[in-house]
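Visitor: One structure coming up, written as structure tokens, with questions to follow.
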Amino acid sequence: MDEKITYDTFFARSFSRSDQKKLGYGAFIGCLLIALSFCLVFMPYSSPQSIRLGTSVPKRMNLVCKSEKRSDYCEINGEDVRIDAKSSTVFIVASSQQNIRDLEDNNTSLLIGPYSRKEDQIAMKSVRKWLVKPVMESNVTPPCSQTHSVPAILFSLGGYSGNNYHDFTDIIIPLYSTARIFNGEVKFVVTNSNPWWINKFRNLVQKLSNYEVIDIDNEENVHCFTSAVVGLKRAPQELSIDPSKSSCSMEDFRQFLRSAYSLNKVRAIKIEDEDDDDDNGKTRPQLLIVARNRTRAFRNTDEIVGMARNLGYEVGVAEADGNIQRFAEIVNSCDVMMGVHGAGLTNMVFLPENAVLIQVIPFGGVEWPARAAFGEPSKDMKIRYLDYKIKAEESSLIEQYPADHEVFKNPLSISKQGWLTFKAVYLDKQDVNLDINRFKITLLKALELLHQ
């Protein structure tokens, strides 16, 4: 089916014409003057009540707030910044008479949910909102209980945190992009904090900040800083960094991961032609099959392993778990990684450069979001990408529905019944039984790429 189905993956509930009359130059000027006169006489002045995202407001305040596709954030530099958990407010106290005059003309405030998937209403329901509020006098704000000598980054661990894909695309990569310029001299102020999340990614957190995380929701103290970032900077694409808007790239991020987890393999094997006849196993490329035990599982893993070994691969099978260090080392040792569309493929971030990722795409119109989730991001990671779209005969759905059912004939109609229905059918109830002879072609293509 060529018709693209736009729906939210399980990763996120993410995804007049009128005639014109020509006026003479004089008539135009006359109308313009009348309009300006009307505005000056009849329209009273009123100061803006909210920060206009995308501009510096006001400029001398060193307060810049931006609204981008996936996130809102404010950067505050060189001011008295007070973070008060009781009122969920980030106060910015004017530091000069000029800034006081600026504030009198710009009674500004902005409500920010500091999580990088702002378009997703479901995710944002679990994200605490913070008011960024400039004030003219310190006596209208709670006094500082604790003053810090380094900047702060305030962000949320709400939303879809806990899903490995969202941990990276919504939090870790944006956090890296935002925090990198501070070279560790920054404190993370976390709202909706999850201690287990901090523990899981402690290697990365400690690489980005030299200080303990502040669980702001449980703080009675008012924490004061001279600079802060509220929210995280995020590229519009998944698992990506926009180098035109950041001082770093995905290549930098992957080097950061290798350093954090002591991963030694920088580049995948390059197979030389003379290696094809080498039977000693030393030059065999390493293939990792990412297993899944609950949904979208391979039903014929042993057959896949046998076929791959016959083609010349050394093969391992492993399922991702909460031990990031262990699985990062496994993935980094491989030259080819394959798995069914799912959060486990997020571990592609640990693959060496020039490795090959093979995404097995389930039946049912999943190809567009699958490629957006992993195919497109692979380019900036310097990973070669292949996908294999299964046929109905390779899906366990044939055991659940008759051949003439809408599930097979018209997946678009299923998607129109809503996300939960679509997810239940094509993601939650589907396992994969690969056609070994057909899939063999994809593994051969991967070998060809490793020759290049």
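The values are calculated or read from the model by the stated rules, or taken from the named source; none is laboratory data. Source: prediction; values computed, not measured. When we count neighbours, we look across all protein chains shown, and the Cβ atoms used for this are built from the backbone with ideal geometry, even at glycine. What goes into the accessible areas is simple: the full protein's heavy atoms, side chains included, and nothing from ligands, DNA or RNA. Shrake-Rupley method; radii C 1.70, N 1.55, O 1.52, S 1.80 Å.
Visitor: Considering all alpha-carbon pairs of the stretch 286-451, what whole percent are spaced by more than 30 angstrom?
Guide: In whole percent, the long-distance tail amounts to 15.
Visitor: Hey, another quick one. LYS440: which lysines have alpha carbons under 18 Å from its alpha carbon, excluding same-chain residues fewer than 8 sequence positions away?
Guide: Hits, sequence-local ones excluded: LYS389, LYS391.
Visitor: Ratio of alpha-carbon Rg to the 2.2 N^0.38 Å globular estimate for the stretch 62-261, to two decimals, please.
Guide: 0.99
Visitor: Of all alpha-carbon pairs in the stretch 196-316, indicate the percentage at a distance above 22 angstrom.
Guide: Summing the P(r) tail past 22 Å for the stretch 196-316 gives 65 percent.
Visitor: Can you give the FRET efficiency to the nearest 0.05 for SER262 and ASP428, using r as the Cβ-Cβ distance and R₀ = 45 Å?
Guide: So, using R0 = 45 Å, E works out to roughly 0.75.
Visitor: Placing +1 at every Lys and Arg Cβ and -1 at every Asp and Glu Cβ, with all other atoms neutral, what dipole size does the stretch 79-218 have around its Cα centre, in debye to the nearest 20?
Guide: Rounded to the nearest 20 debye, it is 440 debye.
Visitor: Next up: Can you tell me the relative contact order of the stretch 294-451? Whole percent, Cα pairs under 8 Å, sequence separation 6 or more.
Guide: Relative CO of the stretch 294-451 lands at 29 percent.
Visitor: Starting from 0.36 nm per residue, how many nanometres of slack lie between LYS389 and LYS86 once their C-alpha separation is accounted for?
Guide: 104.0 nm is the gain from fully extending LYS389 to LYS86.
Visitor: Count charges around THR169 for me, please; just the other residues with Cβ under 11 Å from its Cβ, Lys/Arg as +1, Asp/Glu as -1.
Guide: 0
Visitor: Which distance in nm do the two modelled labels at SER67 and GLU212 give, with both placed 7 Å along the Cα-to-Cβ direction?
Guide: In this crude spin-label approximation the distance works out to 3.9 nm.
Visitor: Moving on. To the nearest 0.05, how large is the calculated FRET efficiency for ARG294 and LYS382 if R₀ is 51 Å and r is the Cβ-Cβ distance?
Guide: Rounded to the nearest 0.05, the efficiency is 0.95.
Visitor: Another one. So how much slack lies between HIS405 and SER149, counting 0.36 nm per residue of separation and subtracting their Cα-Cα distance, in nm?
Guide: Net length gain for the segment: 85.7 nm.
Visitor: Let me ask something else about it. Could you tell me the calculated FRET efficiency between ILE181 and MET136, based on Cβ-Cβ distance and R0 = 30 angstrom, to the nearest 0.05?
Guide: 0.50
Visitor: Here's another thing I want to ask about it. Give me the distance in nm between label points sitting 7 Å out from Cα along the Cα-to-Cβ direction at ASP242 and LYS270, one decimal.
Guide: For ASP242 paired with LYS270, the spin-label model returns 3.5 nm.
Visitor: Could you please report the charge total around LEU111, scoring K, R as +1 and D, E as -1 over all other residues with beta-carbon less than 10 angstrom from its beta-carbon?
Guide: +1
Visitor: Follow-up question, since we're still on this one. At a probe radius of 1.4 Å, what is the per-residue accessible area of THR191, in Å² to the nearest 10?
Guide: Looks like 0 Å² after rounding.
Visitor: Same structure, new question: If I model a spin label at SER126 and GLU319 as a point 7 Å from the Cα along the Cα→Cβ vector, what separation in nanometres do I get?
Guide: 2.1 nm
Visitor: Counting only Cα atoms, I'd like the Rg/Rh figure for the stretch 135-246, Kirkwood definition for Rh.
Guide: 0.99
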